[in-house]
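To start, the structure itself, in structure tokens.
Bear in mind that the values in this text are calculations on the coordinates, not laboratory data. Quick caveat: nothing in here was measured; it's all calculated off a predicted structure. All Cβ positions, glycine included, derive from the backbone under ideal geometry; neighbour counts span all protein chains shown.
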Amino acid sequence: MDHHLNEYSRRRFLGNVTTGLMGVGLSHLLGGENLQAKSDWKPGVGMTHIKPRAKRVLQIFCPGAASHMDLWEHKPVLEKYDGKPLPGEENMVSFQGKNGPLMRSPWDFKPAGQGGKMISSMLPHMAEHVDDIAFFHGMTSKTNTHGPGCVFVNTGHPAEGFPSAGAWVSYALGSLADDLPTYVAIPDIRGEPPNGKANWSNGFLPAKHQAITMAAHRPIRNLRQPDQVSDAEEAKTREMLKFLNEGHANLRPEESDLQARMNAYELAARMQLSAPEVSDFKSEPQHIHQLYGTDSQNSLKASYAQNCLLARRLLERGVRYVNLYCASRASGVDGLLNWDAHKTLEADYERHMPVFDQPTAALLSDLKQRGMMEDTLVLWTTEFGRMPTRQNGTLGRDHNPDGFTLWMMGGGVKGGTSYGATDDFGRRAEINPTSIWEYYSTVLHILGLDHEQLSWYHNGLDRRLTDVHGHVIKDVLA
């Protein structure tokens, strides 16, 4: 008798647990619906959670892991202990093997701006902007590999398949222009960054939020209408295609790629007029070309300068988010095509820094003189930093995910700020260590978005740009 009672109680208990869990799940779903119903915020129509300080973003990315202690963060201790072992890590093994002794920066640092911020002497034009920049010197990464590192900084996740920051902003705020893309990626003439298009992917968001790639050296193909096709014929053809496409897509509402392709075709039709104009630099006065360096004898610098000018023209015509790349993926020779200076740091960076310095500074100055910096947020990013030591048997630096620098400037940013720091040698983030999730929490806040409310339900989870982490860094807010 007791046995049967115990069995019955056990079965009843398990049944009640199952029913209870179903109830919890149902209440969660209904609760989510109620919260959604109470919220006034709608994605894609320019609405924000809080008052925005900026409405567009320029993200400059230097692939290859640009060295923080050779560009932005002065480390005088490296000069003092140059050639000596790193204390406590004399036998350190990093990404490519054993490390040698400490190595000072090959270039002097000079004070810049009213606060005397120390900046590499190889960046004289960028030094003019330090009073407007908020530096994040205590950045950290979850990976020391270029591909996952680039994707991590661009999407908040080291694995591919997640939306980029630009895609999230496209989804959240929508377009500022009817005849240009919401989100544009401008790859370098040297090629795409590590992991390529995953850096500007829509991930699991609708496909229309992926970036359109444009570049001064890569004109958009097939925009020109054939001479034998009249305007009336072209218009009738588009009407018929729209009718057929909409009927096809309505039968398959779950296929976001169909809607994205329809939107892309319709946008392409409008861009037949706008895209040739935005990439036509002949209308720019000569002093602007000289400011950017588009006529430089250095072909890499001239090409990047043209992409910088294209970025400004896109932003001022209503593109919401622009990814601008300076350098590309790794090559067979370290440091040749990007900032990955494993063996010959001095020679590599004396190639890269002049390409980067003047055009980037000119872009910032141009945005400022046009009054656009007040509502434009500018980000400078790279995937991780580099070691304060030289790689064993070389004159280069290995990968360092434990401490590096990113920065931002523009609307909503407190210029002349340095938040966080690495240790005296530049090895690890020591003061206010910061992740990409805090960085993007702050970015979204400046755009008027709450990073915890900006989400998309995917595979059983409410996914975010900031994953399950992040908080706004108020110290860098104006």
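Here the spin labels are modelled as points 7 Å beyond Cα on the Cα-Cβ line, and at Arg252 and Leu461 they lie 2.9 nm apart. Summarising the amide proton neighbourhood of Thr417: residues at separation of 5 or more, or on other chains, whose placed amide H is nearer than 5 Å comprise Ile133, Ala134, Phe135.
Using Cβ point charges alone (K and R +1, D and E -1), the dipole size of the chain about the Cα centre works out to roughly 280 debye.
Using the number of other C-beta atoms within 10 angstrom as an exposure proxy, rank Val93, Val130 with the fewest first. If you can, show how the numbers build up before the last one.
Numbers: Val93 11, Val130 24.
Neighbour counts put them in this order, fewest first: Val93, Val130.
The slack in the chain from Glu160 to Lys98, taken as 0.36 nm per residue of separation less the alpha-carbon distance, amounts to 19.4 nm. Counting neighbouring Cβ atoms within 10 Å and putting the fewest first, the residues Asp280, Asp348, Asp366, Asp450 line up as Asp280, Asp450, Asp366, Asp348.
Spin-label model, Arg218/Ile431: points 7 Å from Cα along the beta carbon direction are separated by 4.1 nm. Extension gain, Glu452 to Val77: 0.36 nm times the residue separation minus the Cα-Cα distance gives 131.0 nm.
What's the exposure ranking of Tyr292, Tyr439, Tyr419, going from fewest to most Cβ atoms within 10 Å?
Working: Tyr292 28, Tyr439 24, Tyr419 21.
Ascending number of Cβ neighbours within 10 Å: Tyr419, Tyr439, Tyr292.
Beta-bridge orientation, the chain: approximately 55 percent antiparallel, per DSSP, counting only bridges with both partners inside.
Charging the Cβ of each Asp and Glu at -1 and of each Lys and Arg at +1, and nothing else, the dipole of region 330-478 about its Cα centre rounds to 100 debye. Compared with the alpha-carbon gap, the fully stretched path from Ile288 to Ala347 is longer by 18.3 nm at 0.36 nm per residue.
For the pair Asp231 and Glu277, label points projected 7 Å from Cα toward Cβ lie 1.4 nm apart.
Restricting to DSSP loop positions (anything but H, G, I, E, B) with no more than 16 other Cβ atoms inside 10 Å of their own Cβ, which trypsin sites (Lys or Arg not before Pro) remain in region 277-320? Each step should come with its number before you reach the end.
Values: sites: Lys282, Lys301, Arg312, Arg313, Arg317, Arg320; in loops: Arg317, Arg320.
Qualifying residues, ordered by number: Arg317.
If R0 is taken as 35 Å, the Cβ-Cβ distance between Glu374 and Trp107 corresponds to a FRET efficiency of 0.55.
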